[in-house]
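As structure tokens, the structure follows; a few thoughts come after it.
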Amino acid sequence: MKQNYHAITLDKRDIGETDRLYTFYTYEVGLMRVPARAVRKGKAKLASQIEDFVLSHITIVQNYGRGILAGAVAENYFVALHKNYEALKCVDIVRGVLLTTIGENDCDKNIFALFVQYLTQLDEIAQKQEDTEQQSKMQWITNSFLIKLFALQGYTFNIVKCCTCSGAICETRNGFSAQRGGILCENCFKSEEYLSYIDPDTLKALRIIQSNRLQSLSKVTVHNNVQVQLGRIIVDIERWVMR
């Protein structure tokens, strides 16, 4: 029996003498791992269609178990992304989060669509060779994607008022705790052990991410301190998700 899938290659691992085990994130069934036979032979053409972070249309022959990868046609190579080292570093971070937070055959079409949007945005940024803020924009889009990814997985956080006392957010300095469920005011975060300090600009960035589509966020410019604090928040959320 043959099954067709829209897939993004996340990872590959050599097995045997000429085979590989591929990890795909698919629109139809979510995360799946499938072996490909003789794909490392000199004349094999299949491997070029399913390189890491390539959007492909794949065919699986399934008699039993995982099945076998029988064919693939690349739909989008994201060429500029693959030529840009900073872009590949960003996608590698995203790959790690996807592989650690999503179970096999855990299907979510919204996550797949968001992932395609993210790769498209990153590819478009990578095409602008003269943009001096290219690296910062890539980091911003990556942080925004990860926060939206966690939200689609059910991890949404209160960024309107303090999660502990339900009081107003401070205008100077606040804290973020995934364990507590979001923002903590200055009076409440003093007793917290695991907490990320955030400035008003970072809180504003979180609200922008929450209320806007990923495609619109590439127009937003944020300074380096916000990027650093967003990175800490993402680490805190991932730690909480993987607890």
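The values are calculated or read from the model by the stated rules, or taken from the named source; none is laboratory data. Predicted model only: the values in this text are computed from it and were never measured. As a convention, Cβ positions derive from the backbone with ideal geometry for all residues, glycine included, and neighbour counts pool all protein chains shown.
With the requirement that a residue be among the aliphatic types (A, V, I, L, M) and farther than 22 Å from Glu171 by Cα, what does segment 203-219 give you?
Restricting attention to segment 203-219, the residues satisfying the condition of being among the aliphatic types (A, V, I, L, M) are 203, 205-206, 208-209, 214, 217.
Residues satisfying the conditions are Leu214, Leu217.
The set of residues in segment 90-116 that are part of a loop (DSSP other than H, G, I, E, B) and either touching a helix residue (DSSP H, G or I) at 6+ places or on another chain (Cβ under 7 Å) or at negative phi (or both) comprises Ile102, Gly103, Asp106, Cys107, Asp108. When segment 75-89 is limited to residues that are assigned to a helix (DSSP H, G or I) and touching a helix residue (DSSP H, G or I) at 6+ places or on another chain (Cβ under 8 Å), the one that is farthest from Met138 (Cα to Cα) turns out to be Val79. Filtering segment 14-24 for residues that are outside the structural domain of Leu99 (by TED's automatic domain parsing) and closer than 22 Å to Glu124 by Cα leaves an empty set. Among the residues of segment 207-219, is any touching a Ser or Thr at 6+ places or on another chain (Cβ under 7 Å), surrounded by 15 or more Cβ atoms within 10 Å (Cβ to Cβ), within 21 Å of Trp240 (Cα to Cα) and among the β-branched types (Val, Ile, Thr)? The answer is yes; a qualifying residue exists.
On the stretch given as segment 1-43, residues that are among the small types (Gly, Ala, Ser) and free of Cβ contacts under 8 Å to residues at least 24 places away in the same chain total 3. Can you pull out the residues in segment 56-70 that are in contact (Cβ under 8 Å) with a residue 24 or more places away in the chain and either outside any strand (DSSP E or B) or closer than 29 Å to Ala126 by Cα (or both)? Ser56, His57, Ile58, Gln62, Asn63, Arg66, Gly67, listed by residue number.
Looking at Gly103, Gly30, Gly16, which is the one that is surrounded by fewer than 18 Cβ atoms within 10 Å (Cβ to Cβ) and out of contact with any Leu (no Cβ under 9 Å at 6 or more places or on another chain)?
Just a single option satisfies the conditions, and that option is Gly16.
Results for (1) surrounded by 14 or more Cβ atoms within 10 Å (Cβ to Cβ); (2) among the aromatic types (Phe, Trp, Tyr); (3) outside the structural domain of Leu230 (by TED's automatic domain parsing), shown as yes or no for each residue.
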site: Gly71; (1), (2), (3): yes, no, yes
site: Leu99; (1), (2), (3): no, no, no
site: Leu122; (1), (2), (3): yes, no, no
site: Glu133; (1), (2), (3): no, no, no
site: Lys137; (1), (2), (3): yes, no, no
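Note on segment 142-162: residues that are over 23 Å from Gln121 (Cα atoms) and crowded, with 16+ Cβ neighbours inside 10 Å amount to 4.
Please determine, by comparing only the residues of segment 1-43 that are acidic (Asp, Glu) and part of a strand (DSSP E or B), which one is nearest to Ser56 (Cα to Cα).
Step by step, filter segment 1-43, then rank; the result is Asp11.
Among the residues of segment 162-176, which ones are over 17 Å from Ile237 (Cα atoms) and either acidic (Asp, Glu) or free of Cβ contacts under 8 Å to residues at least 24 places away in the same chain (or both)? Residues satisfying the conditions are Cys165, Ser166, Gly167, Ala168, Cys170, Glu171.
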